[in-house]
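Data first, discussion second: the structure below is written as structure tokens.
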Amino acid sequence: MMESSYNIIDLIDKKIKGLAYSNDEINWVINNIDTIPDFQLSAWVTAVFIKGLDKKETAELTRAMAYSGHVLTLKRHDDEFNPGNPEALISNRGFVDKHSTGGVGDKVSLVLSPVLAALGFKVSKFSGGSLGYTGGTADKLNSIPGFSLDLDIKRFEAQIKDVGIALASQTEDYAPADKKIYALRDKTATVESVPLIASSVMSKKIAAGADTILIDLKCGSGAFMKDKSSAKALKKEILSIGSELKLDVRVLISNMDQPLGYAVGNALEVQEAIEILDGKLKNDTYDLVLELASQLVPKSEVIDSIESGKAAVKFDEWISAQGGDLKKFTETYKEIPNLDFIATEDAYMKSISCEMIGNIANRLALKTDATKDYSAGVIFHKKIGEPIKKGEKVFTVYASQEKENLENAMAQIVEAIYFSHSKTSLPKLIFK
Ligand code: URA
């Protein structure tokens with residue numbers, strides 16, 4: 001069939017007038033994206049940003065961007081798709097792609113992936129690395145000596161089959177149209193649009209080809225979505241794309257008003273993940289892993305996969321399949337130079353600028369010679385709402401660097417925390 005031909009000027013004009021595009025028109029823009037000059041594409045994106053897209057347009061844009069490059073088909077159960085029956089997935093443990101919209105101290109994937117693999121799911125994930133002040137799973141895993149994210153598709157698929165988990169760095173081949181549009185949005189103040197964010201995230205997930213997409217949508221001072229109403233709007237949009245395109249999508253909105261767990265920093269976060277997998281730590285990271293996994297299986301099974309040690313064994317198998325040496329990891333980070341911040345009076349932590357903490361940890365990890373200090377970061381001993389007694393440790397800064405760097409980071413972290421004498425309630429972890 002011959003493709004219809006349109007003119008980008010007419011299409012910009014159509015959206016400025018607030019009219020909806022046909023599927024053909026959306027596909028024309030995406031199929032011709034390399035021939036449309038940046039100034040016209042920016043005008044098109046801006047018109048879309050201001051006038052919005054309806055459900056059908058958003059779904060078609062998502063599909064078109066997903067198919068603008070390579071699409072991995074791992075194993076699909078389209079014929080069995082039944083969003084009204086969550087049991088269908090339970091009896092049919094397929095390929096799961098878990099995605100976080102980005103947070104501080106977010107090491108959930110490190111724990112959740114082996115938990116799900118131990119329960120019989122196949123966990124496939126492309127990691128794009130950190131975005132701004134958030135830390136990427138890829139960076140955390142790079143703190144493990146020998147670990148490689150450089151898997152070609154053949155090895156990626158073989159490892160999913162043999163081990164049940166594979167995590168590779170995102171390549172240029174997937175959803176290139178999203179990459180182009182995202183780069184322009186970044187430079188034209190048009191990032192914060194619910195249909196554009198939803199279609200951007202989902203196009204990459206569709207290209208990665210899983211049966212089930214599990215999204216941890218972060219909301220709070222350390223997230224893209226700062227308030228509950230915008231997080232809920234994004235959740236609605238993502239679920240609508242899922243139902244328009246017949247994809248099994250589960251979305252949970254979780255709190256990002258303080259760093260997740262106690263550790264922020266690459267190796268420190270891997271250590272926290274290992275403690276949870278070893279059954280030694282049950283904190284908010286653990287609780288969030290349970291909440292996310294129990295979108296797919298009963299909570300009792302999730303707890304058992306940790307308590308029985310099966311998830312920890314799966315983690316070891318996964319790391320060594322990608323060349324990582326956990327023994328060396330333990331030796332390397334056994335004694336990281338550190339500095340404690342001690343409370344000088346009784347108090348509560350009332351709030352934390354999560355974004356500032358993320359930035360401080362990222363800066364501390366970046367050495368002057370541009371190499372990375374994977375040992376750098378901070379461990380919080382107290383969370384918002386927990387009473388702090390005079391003389392107790394509030395947080396500890398870590399870095400294999402000069403004492404001065406630790407002291408500077410400590411002073412900056414203090415600036416990012418608001419202490420109070422009045423009792424503060426404990427924040428909710430999940431927003432309904
Ligand atoms: N992450 C993405 O991949 N795309 C967006 O638009 C925003 C966050």
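Before moving on, here are some points about what is shown:
- Filter result (free of Cβ contacts under 8 Å to residues at least 40 places away in the same chain and not in a helix (DSSP H, G or I)) within region 35-66: Thr35, Ile36, Pro37, Asp54
To keep it simple, each residue is scored yes or no on (1) open to solvent by 70 Å² or more (accessible area, probe 1.4 Å); (2) closer than 30 Å to Lys232 by Cα.
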| residue | (1), (2) |
| --- | --- |
| Ile384 | no, yes |
| Lys390 | yes, no |
| Phe395 | no, no |
| Glu402 | yes, no |
| Asn405 | no, no |
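- Per the conditions (1) crowded, with 22+ Cβ neighbours inside 10 Å; (2) at pLDDT 85 or above, the sole criterion not satisfied by Thr134 is (2).
- Of residues in region 184-207 being surrounded by fewer than 22 Cβ atoms within 10 Å (Cβ to Cβ) and away from the ligand (no atom under 11 Å from the Cβ), the one farthest from Ile417 (Cα to Cα): Leu184
- First in region 151-167 and within 18 Å of Val71 (Cα to Cα), second anywhere and open to solvent by 50 Å² or more (accessible area, probe 1.4 Å), Cβ under 7 Å, 6 or more apart: Ile160/Lys122
- The lone exception for Arg250 - which of (1) open to solvent by 10 Å² or more (accessible area, probe 1.4 Å); (2) in contact (Cβ under 8 Å) with a residue 40 or more places away in the chain; (3) out of contact with any helix residue (DSSP H, G or I) (no Cβ under 8 Å at 6 or more places or on another chain); (4) part of a helix (DSSP H, G or I) it fails: (4)
- Residues satisfying the stated conditions in region 10-25, i.e. open to solvent by 80 Å² or more (accessible area, probe 1.4 Å) and of a type in the set (Ser, Thr, Tyr): none
- Residue among Tyr174, Tyr133 that alone is within 16 Å of the ligand (Cβ to nearest atom), farther than 29 Å from Lys383 by Cβ and assigned by TED's automatic domain parsing to the domain that holds Ala267: Tyr174
- Candidates in region 284-340 are the residues that are among the basic types (Lys, Arg) and more than 23 Å from the chain's Cα centre (by Cα); of these, the one that is most open to solvent (accessible area, probe 1.4 Å) is Lys327.
- Given (1) within 24 Å of Gly220 (Cα to Cα); (2) surrounded by 21 or more Cβ atoms within 10 Å (Cβ to Cβ), index of the condition Leu116 fails: (1)
- Out of Ala233, Ala267, sole residue that is assigned to a helix (DSSP H, G or I), crowded, with 23+ Cβ neighbours inside 10 Å and on the phi < 0 side of the Ramachandran plot: Ala267
- Candidates Lys140, Lys180, filtered to the one that is assigned by TED's automatic domain parsing to the domain that holds Ser294 and within 16 Å of the ligand (Cβ to nearest atom): Lys180
The values are calculated or read from the model by the stated rules, or taken from the named source; none is laboratory data. Please read all numbers here as calculations on a predicted model, not as lab measurements. Neighbour counts run over all protein chains shown; Cβ positions are idealised from the backbone, glycine included. Accessible surface is based on the protein model in full, side chains and every heavy atom, while ligands, DNA and RNA are left aside. Shrake-Rupley method; radii C 1.70, N 1.55, O 1.52, S 1.80 Å.
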